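Working notes, beginning with the structure itself.
The values are calculated or read from the model by the stated rules, or taken from the named source; none is laboratory data. These numbers come from a predicted model, not from an experiment. All Cβ positions, even for glycine, are placed from backbone atoms using ideal geometry, and neighbour counts span all protein chains on display. The accessibility values were calculated without ligands, DNA or RNA, using every heavy atom of the protein model including side chains. Shrake-Rupley method; radii C 1.70, N 1.55, O 1.52, S 1.80 Å.
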Amino acid sequence: MLITTSDIKINGEALYELPHDLYIPPDALEVYLESFEGPLDLLLYLIRKNNLDILDIPMSKLTMQYMQYVEKMKAIKLELAADYLLMSAMLIEIKSRMLLPKPEAIEDEDDPRAELVRRLMEYEAIKLAAQKLDDMPKVGEQFQVADAYYQHIADIKPPEVSVDELVEAWRNVLKRAKLTSHHKLGRAELSVREHMSSVLRRLQTDGMCEFSQLFDLNEGGLAKLVVNFLAILELAKEGLIKITQQAAFSTIYLQVSHAE
Amino acid sequence: MREPENITEMKQILEAALLTAGQPLGLDDLLKLFAGRMERATLRMLLDELKQDWEDKTLELVQVATGYRFQAKPELSAFIARLNPERQPKYSRAVMETLAIIAYRQPVTRGDIEHIRGVTVNPNVMRQLIERDWIDVVGQREVPGRPSLYATTKHFLDDLNLRSLAELPPFEDFAQSEIPLDT
């Protein structure tokens, strides 16, 4: 037993069942790790809640217990063990200074406990400040910031162009113009297939159609009329359309040929 | 594009910029909107008017550490929060206590924090606060090892809807009863 039970009062009543290892019980280590933020926090708790005179400590037992504790701590969380060890050293120092007789020359020396009490009280205030900060409304939780959609467009400056670049560009245009002049046949070939499709599409929707209706004399010039005619011949050759005429020089009709 | 000619048009430009910014805009940012044709004093006056214009609407114009921003009225925030039902993870006590020490005792070193809390500072704690952009290093203390000095950022104040550290609850409010030395 570290402290005589009659010293301890909770809510004015003396506590007779003392926890056996009040300072840092190794058995309850994991509980302490979770609920206390360190030796100051634990000391503060013991002083505030249990009304203990934590500063009046039986040194030898405390030391022994701390060493046991540190042994156990090594396996779990060494850096925390160091923190508690430092605190125990401080408590023992305070105790020893209080036990020593004070020479008259340094009669007005500060109470050795004063510094510890100052630290405890500062820590206590920080603890409350931390809770307050945690409770304060924050952006994204209690505050929603307006963020209307806007397509951000950078203010783009038009690129600079030199005369040389312009000349180079013109040369490229000329070069390409020469190349395209050789491809006229290919283009005509393509447009026959294109006209085949458009004639077929027209016949699909209109059903029977007069031959002359398929030619638009106002558009495209002679080349286009020729290509259109070629397309009709090609369609007939592939058996896709049927061309009919009742008598010589009468109207020629075209229609999509259907499978018999 | 025609430059604004009257107060209404100027306020419209300010309003659109602030609504689409998604973060606070400072006076310097807002001055850019008018390409040098605006006095700071006039700008402040326009912002005051804009604030009044929005008084009975769903958003309010507030001033925080880095500038002005529109935000939903607090009474509506609880409803908006329902859009994101998953609760935001809480910071540990170690994180919050470290933040409180930096907020109230800045600039501080890790050593200062360890002295006040009585425990070693876990690097993870500092990392969380730096990643949130709530604290940063503002210098080194000229002692052996030149430890970094930490302070809270303006972003921290923005997130807590504060204009300056002076608006934090006063530290004296947290002082508790004296611990008696004579028992």
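Couple of notes before you dig in:
- Among the residues of the range B:101-110, the ones that are closer than 21 Å to A:MET121 by Cβ and either of a type outside the set (A, V, I, L, M, F, W, C) or within 9 Å of chain A (Cβ to nearest Cβ) (or both) come to 5 in all.
- Residue within the range A:235-254 that is open to solvent by 100 Å² or more (accessible area, probe 1.4 Å), modelled with pLDDT of 80 or more, closer than 30 Å to B:GLU15 by Cβ and charged (D, E, K, R) present: no
- So A:ASP53, is it within 12 Å of chain B (Cβ to nearest Cβ), loosely packed, with under 14 Cβ neighbours inside 10 Å and at pLDDT below 75: no
Results for (1) of a type in the set (Gly, Ala, Ser); (2) modelled with pLDDT of 90 or more; (3) touching a Pro at 6+ places or on another chain (Cβ under 8 Å), shown as yes or no for each residue.
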{"residue": "B:LEU18", "(1), (2), (3)": "no, yes, no"}
{"residue": "B:THR42", "(1), (2), (3)": "no, yes, no"}
{"residue": "B:GLN52", "(1), (2), (3)": "no, yes, no"}
{"residue": "B:THR58", "(1), (2), (3)": "no, yes, no"}
{"residue": "B:GLU75", "(1), (2), (3)": "no, no, no"}
{"residue": "B:SER92", "(1), (2), (3)": "yes, no, no"}
{"residue": "B:GLN106", "(1), (2), (3)": "no, no, no"}
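- Scanning the range B:73-100 for residues that are outside any loop (DSSP other than H, G, I, E, B), at the interface with chain A (Cβ under 9 Å from one of its Cβ atoms) and open to solvent by 50 Å² or more (accessible area, probe 1.4 Å) turns up B:PRO74, B:LEU76, B:ALA78, B:ILE80, B:ARG93.
- Test: residue in the range B:28-48 that is in contact (Cβ under 8 Å) with a residue 12 or more places away in the chain, open to solvent by 60 Å² or more (accessible area, probe 1.4 Å) and on the phi > 0 side of the Ramachandran plot: yes
- Hits in the range B:111-125 (condition: more than 15 Å from B:THR152 (Cβ to Cβ) and either in a helix (DSSP H, G or I) or more than 8 Å from chain A (Cβ to nearest Cβ) (or both)): B:GLY111, B:GLU114, B:HIS115, B:ILE116, B:ARG117, B:VAL121, B:ASN122, B:PRO123, B:ASN124
- Meets criteria (exposed (fewer than 12 other Cβ atoms within 10 Å of the Cβ), free of Cβ contacts under 8 Å to residues at least 60 places away in the same chain, more than 21 Å from the chain's Cα centre (by Cα) and over 30 Å from A:ILE47 (Cβ atoms)) for B:ARG146: yes
- Of the residues making up the range A:128-150, those that are of a type outside the set (Phe, Trp, Tyr) and open to solvent by less than 50 Å² (accessible area, probe 1.4 Å) are A:ALA129, A:ALA130, A:LEU133, A:ASP134, A:MET136, A:LYS138, A:VAL139, A:GLY140, A:GLN144, A:VAL145, A:ALA146, A:ALA148.
- Restricting B:GLU49, B:GLU55, B:GLU39 to residues that are under 19 Å from A:PHE143 (Cβ atoms) and either more than 13 Å from chain A (Cβ to nearest Cβ) or of a type in the set (Phe, Trp, Tyr) (or both) narrows the list to B:GLU55.
- The set of residues in the range B:163-176 being more than 9 Å from every other protein chain (Cβ to nearest Cβ) and either in a loop (DSSP other than H, G, I, E, B) or not small (Gly, Ala, Ser) (or both) consists of B:ARG163, B:SER164, B:LEU165, B:GLU167, B:PRO170.
- Among the conditions (1) modelled with pLDDT of 80 or more; (2) over 46 Å from the mean Cα position of the chain (by Cα), the only one that A:LEU166 does not satisfy is (1).
- Among residues of the range B:20-58 being part of a loop (DSSP other than H, G, I, E, B) and among the aliphatic types (A, V, I, L, M), the one that is nearest to A:TYR149 (Cα to Cα) is B:LEU33.
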